[in-house]
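Below is one structure, written out as structure tokens; comments come after it.
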Number of protein chains: 2
Amino acid sequence: MVATHEETHVTIADRIFARIQQEIVDGTLKPGSKISEPELARAYGISRGPLREAIGRLEACSLVVRKANVGARVVSLSAEQLLEIYHVREALEGMAARLAATAMSDAEIADLADLLATHRRQIEDDPSHGYFQREGDLDFHYRIVKGSKNGRLIELLCNDLYHLVRLYRHQFGVVTRAQRALVEHEHIVAALAERDGEMAELLMRHHIRATRANAMRRIAEREAAAG
Amino acid sequence: MVATHEETHVTIADRIFARIQQEIVDGTLKPGSKISEPELARAYGISRGPLREAIGRLEACSLVVRKANVGARVVSLSAEQLLEIYHVREALEGMAARLAATAMSDAEIADLADLLATHRRQIEDDPSHGYFQREGDLDFHYRIVKGSKNGRLIELLCNDLYHLVRLYRHQFGVVTRAQRALVEHEHIVAALAERDGEMAELLMRHHIRATRANAMRRIAEREAAAG
DNA sequence: TGTGCGACTATTGTCGACAATTTGACGGAG
DNA sequence: CTCCGTCAAATTGTCGACAATAGTCGCACA
């Protein structure tokens, strides 16, 4: 066999896991809805074995909650749980920024600056700053986290928390503070370019606190309007 | 049936998961050893179904690593991975201490102070400060994390990272800096008593950095002696 | 003698069926 | 009319068997 230097034999459970994860994150499977094993098994044309393994992994990254002998439901985030997630994000991404300041290469930091320049042009061209800014925002945070070169940090944030973040953005419909967020991103990159880990952590934590405050305010408004 | 106000229908997978987790942490299953499904299924007198689910959960908390069509092995931590864990711990437990400073009740803080007083007496009575100090150290950190009242933080640290910490303590045989650690613990509790979250976080992060430095030094000594 | 190909074995991945438990409905009593 | 006990249907948990893959051993051939 030709040497596939990174071996990846994909199993059914892998595919189903990725598929359900995607459907939860993009809202096809709505928060609080039941995950019926026989139903999904028929829908996907597979057995319950791999499906159960996929559900187990979804539970591991907190996208579904499961009770014994009752079943699994898509997670439905409360405002309190969202606050908890933001506190964890602040801690972990602050550390990621600190580590990235020494672990990222000059080229990686330059690429990151280019990404922000692209964002800036798009915002100035189109103040509606809609869907793209959301993905762009996550892309920025992804790069910082990966730049930390800390495998455990990367796994925790990219494989677990960020999916939850994308889920709640659909659930609550929070809009990002595009202009201010971009400025804060630029400040963070400036700290990285100066190799100032302490400053990068402080700026990242401040940035996430501001994002949290924005989200909480929007949710409070929403609940006030709905209730 | 009598009303068990907190239902705990324990499944086979739950029991097997807890059992294997315990055996990994206490060294009965050694790092790097293979987790054979047929063998363990026979040993525990169960089917491979629940066993596979248990292995999946163990993989989720990083106690085993699994490759498709190859199998699972008990995780074997490298020094680099240990450093990564310490960085994550520093971030998360620092945040936990910050939150605990406002979330813990006066009674909980008083109990924590009592715990440290007990540790102090034991260390002064018996300078050998052996096994108990290890569990006492984890007990202290457990209480801080639980005191944060942040469910996600509690789950990440208590259900995942602390098991890894206990595992590596067996794997590397690192001894705790009993006296110095105790003093640092006391300073943290003092900050909690003053409801100074900022200070509690700084002290906790400093404490974990010191623990990390101690562990890294011991490991370097060990490797130098062995190599 | 070394190397590469091929069959073999053991383990993992997957499937369908059985058992145990929850949930909802139905009927009757207060 | 409401509440409780019983029952039935559906779902989850568990099991044993089948299929597919990886690693190994042996053998032929250069």
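The values are calculated or read from the model by the stated rules, or taken from the named source; none is laboratory data. Here the structure is a predicted model, which means the values were calculated and not measured. Methodologically, a virtual Cβ is constructed for each residue, glycine included, from the backbone with ideal geometry; neighbour enumeration extends over all protein chains shown.
Is it the case that some residue within the range A:110-133 is assigned to a helix (DSSP H, G or I), more than 16 Å from DNA strand C (Cβ to nearest atom) and within 14 Å of another protein chain (Cβ to nearest Cβ)?
Filtering the range A:110-133 for residues assigned to a helix (DSSP H, G or I) gives A:110-125, A:131-133.
With the extra rule that they be more than 16 Å from DNA strand C (Cβ to nearest atom), the set shrinks to A:110-125, A:131-133.
When the remaining residues are screened for being within 14 Å of another protein chain (Cβ to nearest Cβ), the result is none.
Looking through the range A:110-133, none of the residues is assigned to a helix (DSSP H, G or I), more than 16 Å from DNA strand C (Cβ to nearest atom) and within 14 Å of another protein chain (Cβ to nearest Cβ).
Going by the conditions given, is residue B:84 loosely packed, with under 15 Cβ neighbours inside 10 Å and in a helix (DSSP H, G or I)?
no
Quick check on this structure: which one of A:77, A:40, A:51 is within 21 Å of the chain's Cα centre (by Cα), surrounded by 14 or more Cβ atoms within 10 Å (Cβ to Cβ) and of a type in the set (A, V, I, L, M, F, W, C)?
A:77
Return yes or no: is residue B:92 assigned to a helix (DSSP H, G or I) and either buried (at least 19 other Cβ atoms within 10 Å of the Cβ) or more than 14 Å from every other protein chain (Cβ to nearest Cβ) (or both)?
yes
Just the residues that are of a type in the set (Lys, Arg), in contact with a helix residue (DSSP H, G or I) (Cβ under 9 Å, 6 or more places away or on another chain) and within 11 Å of DNA strand C (Cβ to nearest atom), please, taken from the range B:55-87.
B:66
Determine if the range A:23-42 includes at least one residue that is within 16 Å of DNA strand C (Cβ to nearest atom) and basic (Lys, Arg). Give the steps one after another, and end with the answer.
Within the range A:23-42, the subset within 16 Å of DNA strand C (Cβ to nearest atom) is A:32-42.
Next cut, basic (Lys, Arg) only: A:34, A:42.
There is at least one residue in the range A:23-42 that is within 16 Å of DNA strand C (Cβ to nearest atom) and basic (Lys, Arg).
In the range B:29-42, is there at least one residue being out of contact with any strand residue (DSSP E or B) (no Cβ under 9 Å at 6 or more places or on another chain), part of a loop (DSSP other than H, G, I, E, B) and more than 10 Å from every other protein chain (Cβ to nearest Cβ)?
No, the range B:29-42 contains no residue that is out of contact with any strand residue (DSSP E or B) (no Cβ under 9 Å at 6 or more places or on another chain), part of a loop (DSSP other than H, G, I, E, B) and more than 10 Å from every other protein chain (Cβ to nearest Cβ).
Could you please give the count of residues in the range A:56-74 that are of a type outside the set (S, T, N, Q), facing another protein chain (nearest Cβ under 10 Å) and surrounded by 14 or more Cβ atoms within 10 Å (Cβ to Cβ)?
Summing the residues that are of a type outside the set (S, T, N, Q), facing another protein chain (nearest Cβ under 10 Å) and surrounded by 14 or more Cβ atoms within 10 Å (Cβ to Cβ) in the range A:56-74 gives 5.
Can you tell me how many residues within the range B:22-73 are farther than 25 Å from residue A:62 by Cβ, out of contact with any Lys or Arg (no Cβ under 7 Å at 6 or more places or on another chain) and small (Gly, Ala, Ser)?
5
Run residue A:138 past the list (1) among the aliphatic types (A, V, I, L, M); (2) more than 11 Å from the chain's Cα centre (by Cα); (3) surrounded by fewer than 18 Cβ atoms within 10 Å (Cβ to Cβ) and report the number of the one that doesn't hold.
Going through (1) among the aliphatic types (A, V, I, L, M); (2) more than 11 Å from the chain's Cα centre (by Cα); (3) surrounded by fewer than 18 Cβ atoms within 10 Å (Cβ to Cβ) one by one, residue A:138 breaks only (2).
Is it true that residue B:99 is away from DNA strand C (no atom under 16 Å from the Cβ), in contact (Cβ under 8 Å) with a residue 60 or more places away in the chain and more than 11 Å from chain A (Cβ to nearest Cβ)? Give the steps one after another, and end with the answer.
On the way: away from DNA strand C (no atom under 16 Å from the Cβ): yes; in contact (Cβ under 8 Å) with a residue 60 or more places away in the chain: yes; more than 11 Å from chain A (Cβ to nearest Cβ): no.
No.
Does residue A:110 count as surrounded by 17 or more Cβ atoms within 10 Å (Cβ to Cβ) and either closer than 30 Å to residue A:77 by Cβ or at pLDDT 95 or above (or both)? Outline the logic, then answer.
Values: surrounded by 17 or more Cβ atoms within 10 Å (Cβ to Cβ): no; either closer than 30 Å to residue A:77 by Cβ or at pLDDT 95 or above (or both): yes.
When the stated conditions are applied, residue A:110 does not pass them.
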